[in-house]
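These notes are about the structure you will find just below.
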Amino acid sequence: MTTTYHHSAAFNDLAALLTGQLFLPQAADYEQVRQLWNGKVKTQPAAIARCLTVQDVIHTVRWTRSHNLPLSVRGAGHEIFGRSLSEGVVIDLSQMKAVTVDPEKRTAQIQAGATAGDLIEAAQQYGLATATGTISSVGMTGLTLGGGYGPLNGAYGLAADNLLSAQLVTADGQLITANAEENADLLWGLRGGGGNFGVVVSLEFRLHPLTTVLSGLLLYPLDQARTVLHRLNEFIATAPDELTIRFGFLQIPDGQTVLFLSPTYCGSLEMGEQAIAPLRTFGTVLVDQMQSVSYHELIHSSDAFTPKGRHYYIQTQSLDGLQTETIEALIEQGLPLPSPFSAINLHNFHGAASRVGVSETAFALRQDHLMVELIAAWEPQDDEQQHIQWAQNLSRSLAPYAFKGGYINILDEQEQERVRLAFGSNYERLLDLKQKYDPDDVFRSTIGHLAPHSLTR
């Protein structure tokens with residue numbers, strides 16, 4: 001269907017409606033505009049509408065639907081599986097990234113293309129911050145719509161838990177607001193229920209007083225991994241809200257694979273030093289890089305390890321803590337890592353994030369757990385199959401010990417049943433929301449899972 005439009009004059013009509021620019025495949029800079037963070041994604045849209053205003057979004061939705069073309073939405077473009085690139089028309093929000101902070105109300109209004117870095121840079125000027133992911137280039141919209149794990153989850157909950165309101169363009173081109181008073185059911189769904197309801201064009205977040213955190217890396221030799229992980233598992237069960245620990249395996253520059261702990265403490269520096277002190281006793285610390293840094297510095301600290309254009313493939317499981325079996329699977333099946341760029345990441349979900357009720361937001365897994373990211377990364381010229389196979393095999397090894405379902409931001413097209421299971425008892429309510437706000441199933445960013453005509457109750 002879309003190939004008919006690749007050289008069609010019909011797109012001239014859409015281009016004339018836009019304040020922004022329409023990129024077609026024959027344009028010299030089309031490939032640069034098309035590329036996502038994950039260079040592995042090669043989908044070639046028939047057109048990319050780089051929107052600059054909400055009206056651009058409305059025009060694009062209405063025009064695309066009137067021409068019966070597939071439609072997808074791209075925010076900041078830091079995406080794994082390419083769900084933001086349809087073969088039809090892509091609404092590109094990457095240039096809509098303004099951030100407005102209200103220091104009195106402790107809120108921030110962002111446009112949908114803003115990254116975590118954009119938001120935190122603006123908020124830090126007033127000594128404020130909110131829950132984000134671990135990398136500055138991740139778009140706040142996509143992160144929030146899927147939940148949003150990160151180093152402040154213990155103290156402030158998920159990114160989704162800090163969402164106060166949103167504006168959204170519906171499938172029929174109407175701009176609506178979702179907040180506690182207006183379309184409150186939609187706000188509930190946007191807090192972790194995915195992007196299947198419309199084009200989110202702006203979001204409002206709650207901010208918290210925060211400037212510096214105690215964070216960094218503690219590295220341990222691989223031969224001590226079992227001991228350290230067993231002790232860490234006991235430790236995190238009683239860790240204070242202010243302390244959230246990410247940990248796993250990575251390869252350091254000398255080629256050695258190590259176990260890393262990356263604690264972040266967001267309270268006083270003195271209390272933080274006391275809180276993390278036991279971690280240094282779990283084994284022989286090879287490298288201790290713990291220090292006081294601004295939150296802005298913290299979320300930029302991993303950027304260099306995840307450059308745009310590299311090829312990525314990620315699998316995920318969620319574990320109820322670490323058992324001997326899961327530790328063995330991580331070490332025996334996960335190591336050696338398939339490339340110097342690959343890693344195993346475990347996110348510690350606890351504290352404030354766990355105290356939100358299952359039915360309070362669409363995000364359903366509210367008990368303490370570890371969200372595992374199995375990150376295969378390689379250069380474009382490498383053979384991808386061995387890297388993909390590594391992640392899939394390790395995921396299968398962990399699956400018998402994991403919660404059914406998974407983190408929807410890291411589930412691919414072959415894992416549709418896991419998305420349904422991830423929503424658990426909230427799934428029926430999400431189906432009802434989908435029927436109300438997008439009955440024709442125009443938006444399918446959450447792997448098309450909430451399509452009312454294709455799913456049974």
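Could you please let me know if S94 is in contact (Cβ under 8 Å) with a residue 12 or more places away in the chain and part of a loop (DSSP other than H, G, I, E, B)?
So S94 fits the description; yes.
Pick out, from the range 217-300, the helices (runs of 4 or more DSSP H) lying fully within it that include 1 or more residues that are of a type in the set (S, T, N, Q) and over 21 Å from I344 (Cβ atoms).
Numbers: elements: 225-236, 269-276, 295-300.
It comes to 269-276.
Please find, within the range 141-162, the residue that is nearest to I410 (Cα to Cα) out of those that are more than 13 Å from the chain's Cα centre (by Cα) and among the hydrophobic types (A, V, I, L, M, F, W, C).
Across the range 141-162, the extreme among qualifying residues is L152.
Given the conditions (1) under 28 Å from L164 (Cβ atoms); (2) buried (at least 23 other Cβ atoms within 10 Å of the Cβ), report the number of the one that A376 does not fulfil.
All conditions pass for A376, except number (1).
Here are some conditions: (1) within 29 Å of L431 (Cα to Cα); (2) out of contact with any Lys or Arg (no Cβ under 6 Å at 6 or more places or on another chain); (3) surrounded by fewer than 16 Cβ atoms within 10 Å (Cβ to Cβ). V358 meets all but one. Which one does it not meet?
Among (1) within 29 Å of L431 (Cα to Cα); (2) out of contact with any Lys or Arg (no Cβ under 6 Å at 6 or more places or on another chain); (3) surrounded by fewer than 16 Cβ atoms within 10 Å (Cβ to Cβ), the lone unmet condition for V358 is (2).
Would you point out which residue out of R429, R366 is of a type in the set (K, R), outside any helix (DSSP H, G or I), modelled with pLDDT of 95 or more and within 24 Å of G148 (Cβ to Cβ)?
Values: R429 fails: outside any helix (DSSP H, G or I).
Sole residue among the options that is of a type in the set (K, R), outside any helix (DSSP H, G or I), modelled with pLDDT of 95 or more and within 24 Å of G148 (Cβ to Cβ): R366.
Just for the range 338-363: of the residues that are hydrophobic (A, V, I, L, M, F, W, C) and part of a loop (DSSP other than H, G, I, E, B), which one is nearest to E242 (Cα to Cα)?
V356
The values are calculated or read from the model by the stated rules, or taken from the named source; none is laboratory data. As the structure is a prediction and not an experimental result, all values here were calculated from the model. Cβ atoms come from the backbone with ideal geometry, glycine included; neighbour counts cover every protein chain shown.
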